[in-house]
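Undergrad: To start, I am sharing the structure in question, which I have written as structure tokens.
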């Protein structure tokens, strides 16, 4: 299975940040990557990034979508709009959306279905908090999120991101990652790409990406700089 290295820029980036995409293009042109490469910028940069990446192996995605195609939803963006802007993937159910916006597993499933209806691929995020892991409930939490979030159409990617590891520099043990990814594999299909996310950096990417059932990475801060992101891509 070909790995997917996806960058989530979160609420970071102005037009000047597209210079990092130009730099990444140069790096990828010099050395062929053994992975699919995806960048999910803020809504405001999707169109420009898609144009900048046109004709390269870099794909563009989005960080969220509304469940509806259109309507009276001030401030929201539909999957169809994102596709028209140049997105090919949509991240749904990220822990920051679940926590900051109270998104339920049922809503995440609806968003994943909306992405599929627009012929886009959802990246469905799951993961436990530090407290849930310390109580020994990590597997149960992830299982419940999967049960409620996965649509019937299996054209999706799943990203396991332990909430306590996102942006903290903390990383679960390799055995912990292996255990959860094996669990996710049991609840998906053999062809579903499973990504790991949570403080992935060039220094630790190779050992994480070598774990069974880890088919790529969802990268936060390290995706904002082309050289760091490229180091993770090359770790494949």
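Undergrad: Over the residues of the chain, compute the C-alpha Rg and express it relative to 2.2 N^0.38 Å.
TA: On the way: Rg = 16.5 Å, N = 236, 2.2 N^0.38 = 17.5 Å.
It is 0.94.
Undergrad: With r as the distance between the Cβ atoms of residue 54 and residue 16 and R0 = 25 Å, compute the FRET efficiency 1/(1 + (r/R0)^6) and round to 0.05. Could you put the intermediate results ahead of the total?
TA: On the way: r = 19 Å, r/R0 = 0.77.
Given R0 = 25 Å and the Cβ-Cβ separation, E is 0.85.
Undergrad: Which of the peptides 90-98, 9-17 is most tightly packed, and how do the rest follow, judged by the mean count of other Cβ atoms within 10 Å per residue? Don't skip to the answer; put the middle values down first.
TA: Numbers: 90-98: 23.9, 9-17: 13.7.
Descending packing order for the listed peptides: 90-98, 9-17.
Undergrad: Further question on the same structure: For the chain, what is the calculated [θ] at 222 nm in deg cm²/dmol (nearest 500), taking -39500 (n - 2.57) for each run of four or more DSSP H residues and dividing by its residue count? Provide the component values of the computation, followed by the final result.
TA: Working: 10 runs with 96 residues, N = 236.
Counting only the DSSP helices, I get -12000 deg cm²/dmol.
Undergrad: What shape does the range 1-81 have by the C-alpha gyration tensor, where a ≥ b ≥ c are the square roots of the eigenvalues, rounded means a/c under 1.5, and otherwise prolate means a/b greater than b/c and oblate the rest? Intermediate values should be presented prior to the final figure.
TA: Values: a/c = 2.63, a/b = 1.78, b/c = 1.48.
Cα axes put the range 1-81 in the prolate bin.
Undergrad: Something else: Going by the alpha-carbon gyration tensor, a ≥ b ≥ c the square roots of its eigenvalues, is the range 58-106 rounded (a/c under 1.5) or, if a/c is not under 1.5, prolate (a/b greater than b/c) versus oblate? Mind dumping the intermediate values first?
TA: Numbers: a/c = 2.41, a/b = 1.23, b/c = 1.96.
The shape class here is oblate.
Undergrad: Also, I was wondering about something else. Sort out for me the Cα centre separation of the range 103-138 from the range 187-236, rounded to whole Å.
TA: Computed from Cα coordinates, the inter-centre distance equals 18 Å.
Undergrad: What shape does the range 118-225 have by the C-alpha gyration tensor, where a ≥ b ≥ c are the square roots of the eigenvalues, rounded means a/c under 1.5, and otherwise prolate means a/b greater than b/c and oblate the rest? The partial results should precede the final answer.
TA: Working: a/c = 1.56, a/b = 1.17, b/c = 1.33.
It is oblate, given that a/c is not under 1.5 and a/b is not larger than b/c.
Undergrad: Same structure again: Expected output is a single nm value to one decimal: the length gained when fully extending between residue 73 and residue 154, i.e. 0.36 nm times separation in residues minus the C-alpha distance. What is it? Kindly include the intermediate steps, with their values, before the conclusion.
TA: Numbers: separation 81, 0.36 × 81 = 29.16 nm, distance 2.79 nm.
Result for the pair: 26.4 nm of gain on full extension.
Any read-out appearing in this document is the output of simple, stated calculations on the displayed coordinates, not a laboratory observation. Because the structure is a prediction, the values reported are computed rather than measured. A quick note on method: Cβ atoms are made from the backbone with ideal geometry, for glycine too, and the neighbour counts reach across all protein chains shown.
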